[in-house]
Amino acid sequence: MTEGKKGKEQKDGRFRRAGRAVSAAAGRADQSARLVTMVKVFRELLPGDSEFGDSLSTGGKQQAQIVGRRLSAATAKRPGVLREAGFSALQVWQAMAKSQGRGRGDRDLAIVFTDLVEFSDWALDAGDDAAIDLLRDVSEAIEPPVEGHGGEVVKRLGDGMMAVFGDPREALDAVMEARERLKEVSAKGYDPKIRAGIHYGRPRCIGGDYLGVDVNVAARMADEASGDEILVSDRALKKLGEDSVKSRRKRRLKVKGVPRDLSAYSVEPGS
């Protein structure tokens with residue numbers, strides 16, 4: 001073996017040993033409980049959801065949530081500093097998206113729930129094919145007004161939906177337009193009618209969903225409405241302006257987590 005070749009092999013060997021040492025050190029650092037704790041504490045100081053990374057917070061369709069699900073799956077068996085650092089970056093990314101209008105921040109929103117009256121009873125007799133065909137037609141009737149009035153369909157709930165709006169007036173106009181469009185939809189043995197509930201509050205946005213007492217209030221309003229009826233909470237009515245709509249106080253509701261009895265008002269367009 002020549003002197004030059006021997007020297008090259010020795011040099012290559014030193015590089016390999018150095019690489020393994022760096023890799024081992026990085027592995028030890030990644031698994032350091034102290035460093036993991038430090039990164040988690042640091043995340044509390046960052047904007048956004050410091051718990052970002054669980055199945056609830058990554059359940060939406062935004063890019064940060066999609067990447068978060070992939071990172072969670074890839075590092076599930078080996079949690080460490082790199083995992084937490086990755087979630088830190090995604091946490092900030094999601095927070096920035098909200099602040100730039102691509103998501104919903106911590107602010108008041110009009111929350112809307114709708115569903116079809118007596119749909120389940122009809123569907124039992126009509127069968128799955130007829131029920132699915134009707135739901136497609138209903139979706140085409142009631143969802144475009146949501147987007148047309150600046151709202152967002154948060155989720156579909158079988159024969160209903162949940163949506164959020166920045167303005168209660170836009171929420172009410174969207175529901176009223178959807179109700180009119182639904183008159184053009186028909187099914188054998190069934191005349192589809194929606195009932196709706198609107199509340200104005202500050203729900204908590206986690207992942208692609210909204211949670212909290214205010215969401216429960218809006219859902220309760222929809223549950224209490226009759227066919228073709230729109231019920232709004234007293235807070236939503238106040239934001240709408242009582243002079244701008246015809247309203248009739250229907251009943252007082254007790255909702256868990258709300259500090260006082262809640263009034264429900266049946267509303268129609270003003271004259």
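Laboratory data are not the source of any read-out in this text; all were calculated from the coordinates shown. Since the structure is predicted, the reported quantities are computational estimates derived from the model, not experimental observations. Neighbour counts run over all protein chains shown; Cβ positions are idealised from the backbone, glycine included.
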- Query: In nanometres, what is the gap between the two model label sites at D137 and E184, each 7 Å from Cα along Cα-to-Cβ?
  - Reply: 1.2
- Message: If you take every residue apart from V41 with its C-beta less than 14 Å away from the C-beta of V41, what net charge results, scoring Lys and Arg +1 and Asp and Glu -1?
- Response: 0
- Query: Hey, with R₀ at 41 Å, roughly what FRET efficiency would R204 and M38 work out to, going by the Cβ-Cβ distance, to 0.05?
  - Reply: 0.90
- Query: Got a sec? Which residues in the range 217-245 would a label at E152 touch, if it sits 7 Å along Cα→Cβ and we count backbone N under 13 Å?
  - Reply: none
